[in-house]
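The values are calculated or read from the model by the stated rules, or taken from the named source; none is laboratory data. Here the structure is a predicted model, which means the values were calculated and not measured. Here the Cβ is made from the backbone with ideal geometry for all residues, glycine too, and neighbour counts use every protein chain on show. Calculation scope for accessible area: heavy atoms of the full protein, side chains included, ligands and nucleic acids excluded. Shrake-Rupley method; radii C 1.70, N 1.55, O 1.52, S 1.80 Å.
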Amino acid sequence: MEAKGRALPQSQILKEWHLEVKENFWEVDAKPHIRQLLKAFMEKTMTQELSEILLRERYDSVEEGPYRNGFYHRSLVTQFGLVESIRVPRIREGNIFKTRVFKRYQRYQTVVEDMIRDVFLAGISTRRVGEAVSKLLDTDVSSGTVSNITKKLDEKVHAFHKAPILDEYQYLILDGITLKILYGAKYHKRKVLVVYGITVFGQRKLLAFKQAKGESQSSWESLLWSLYERGLKGEHLKLIVMDGSAGLKSAAELVYPQARIQRCWAHKLRNVSNYCRKKYEKDLVAGARRIYKAANRSMAIAEFKAWKKAWARIAPDAVHCMEKDLEELLNFLDCPKSHRIKVRTTNAIERSFREVRRRTKVFTCFSNTASSERIIYAIFNHLNQNWKDRPLKQFTQFR
């Protein structure tokens, strides 16, 4: 190959050759050939499986073992499309041959079901998921099929709510998010109460969630007791970070009395700013921020006293709002310096909520509680998997 009388570099030759082969290959639809190969592979695998079973049965039993009884045909939707008329061996005398190739009543390959669920969880309606996947797989996938596949998440949701928890968490962050659920013909707002934890090894995880009518003490108690019963006894628990909900505080103090409460600074500053005139808001909040930026508790108290002196006459209600919760606002200062930025607010869990809102806003509302549970579980599970091998660096530095 030459260009202007000179040979092209080898890397360029390989690049052009790759593009040419790729272009020519996809000019012909390869899927039918792949489906034929896949069908032959599945049939061969099942034949070998059955031969091994029959041989083992006859070897282990003194009686005459089972015999082949021909075949029956079935279809399976795979990632390459619909594979039709797959020959599945049968056994005589009512015995059922259980193959590892697919489950007895399975109509969609696991990878296809996973793909459908992933597309649905990205925020696309069941009808549009069916339309998109039908084109991709060259076979009809109805909205009913999509709905049935996503309902299989219910088992995983149940397992998530019951999964054991190792008692290795040093920080818990608690907060709630509001979603709209359709009951009958009316929309109702429901709170989703969420627990986010950080272990002594710096691992972060969304541990639990619960749907409730509001953030009452009984609702939070129910969620926290479930954590306790699943194994989180709180032996290493230092702080529980939360907003100013009285019910949440009471529940946390009841279930985990050994842990101290840390009020969220982001919530507190928003509340404080509501108690002053707009023209003072920027300076008042800037002064309040110097309190939590102090190096230790005594210096933070000194900063508060200076801030109080400057604003007590101009915004007395704002000063009172800060002062009444000052002790719980400063508990994070007793933690290692590298931990403080993560545990002085509920921002860590708020970022998870942003992902929930982003993925759920296209649904407008949920048709029932189960559908919202599936979405929330899937998002939380996705985040947990991403965090699994990525501990927070500042929590792995012991200083």
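Take Arg263 and decide whether it is surrounded by fewer than 18 Cβ atoms within 10 Å (Cβ to Cβ) and either on the phi > 0 side of the Ramachandran plot or among the basic types (Lys, Arg) (or both). So Arg263 fails the test.
Within the bounds of the range 362-373, is there any residue that is open to solvent by 40 Å² or more (accessible area, probe 1.4 Å), of a type in the set (Val, Ile, Thr), over 20 Å from Gly197 (Cα atoms) and in a loop (DSSP other than H, G, I, E, B)? Checked against the condition, which is being open to solvent by 40 Å² or more (accessible area, probe 1.4 Å), of a type in the set (Val, Ile, Thr), over 20 Å from Gly197 (Cα atoms) and in a loop (DSSP other than H, G, I, E, B), the range 362-373 yields at least one hit. How about the range 138-163: which of its residues are of a type in the set (D, E, K, R) and assigned to a helix (DSSP H, G or I)? Within the range 138-163, Lys151, Asp154, Glu155, Lys156, Lys162 meet the criteria. Quick check on Pro316: is it at pLDDT 80 or above, farther than 22 Å from Val194 by Cβ, out of contact with any Leu (no Cβ under 7 Å at 6 or more places or on another chain) and not aliphatic (A, V, I, L, M)? So Pro316 fits the description; yes. Within the range 368-392, residues that are closer than 30 Å to Lys337 by Cβ have Cβ atoms under 7 Å from residues that are among the hydroxyl-bearing types (Ser, Thr, Tyr) in these pairs: Leu383/Ser352, counting only partners at least 6 apart in sequence or on another chain.
Reported count of residues in the range 336-361, each being surrounded by fewer than 17 Cβ atoms within 10 Å (Cβ to Cβ) and assigned to a loop (DSSP other than H, G, I, E, B), is 1. Does Leu55 satisfy the condition of being modelled with pLDDT under 75, of a type in the set (A, V, I, L, M) and open to solvent by 40 Å² or more (accessible area, probe 1.4 Å)? Taking the combined requirement at face value, the residue satisfies it. Every listed requirement among (1) open to solvent by 40 Å² or more (accessible area, probe 1.4 Å); (2) under 24 Å from Val141 (Cβ atoms); (3) modelled with pLDDT under 80 is met by Gln36 save one, (3).
Checking Lys233, Lys238 one by one, the residue that is over 17 Å from Val343 (Cα atoms), open to solvent by 20 Å² or more (accessible area, probe 1.4 Å) and either out of contact with any helix residue (DSSP H, G or I) (no Cβ under 7 Å at 6 or more places or on another chain) or at pLDDT 95 or above (or both) is Lys233 and no other. Looking across Leu383, Leu333, one residue alone is touching a helix residue (DSSP H, G or I) at 6+ places or on another chain (Cβ under 7 Å), at pLDDT below 95 and surrounded by 13 or more Cβ atoms within 10 Å (Cβ to Cβ). It is Leu383.
Just a yes or no: is a residue in the range 243-253 under 22 Å from the mean Cα position of the chain (by Cα) and open to solvent by less than 70 Å² (accessible area, probe 1.4 Å)? No, the conditions are met nowhere in the range 243-253.
Filtering the range 138-159 to residues that are under 19 Å from the mean Cα position of the chain (by Cα) and open to solvent by 30 Å² or more (accessible area, probe 1.4 Å) leaves Lys151, Lys152, Asp154, Glu155, Lys156, His158, Ala159. Within the range 316-333, the set of residues being out of contact with any strand residue (DSSP E or B) (no Cβ under 8 Å at 6 or more places or on another chain), among the acidic types (Asp, Glu) and in contact (Cβ under 8 Å) with a residue 24 or more places away in the chain comprises just one member, Asp317. For the range 268-294, a residue qualifies if it is among the hydrophobic types (A, V, I, L, M, F, W, C) and at pLDDT 95 or above, and the qualifying residues are Leu269, Val272, Leu284, Val285, Ala286, Ala288, Ile291, Ala294. Quick one: Ala295 ticks every box in (1) closer than 22 Å to Leu333 by Cβ; (2) of a type in the set (A, V, I, L, M, F, W, C); (3) assigned to a loop (DSSP other than H, G, I, E, B); (4) open to solvent by 60 Å² or more (accessible area, probe 1.4 Å) except a single one, so which number is it? The single condition Ala295 does not satisfy is (4).
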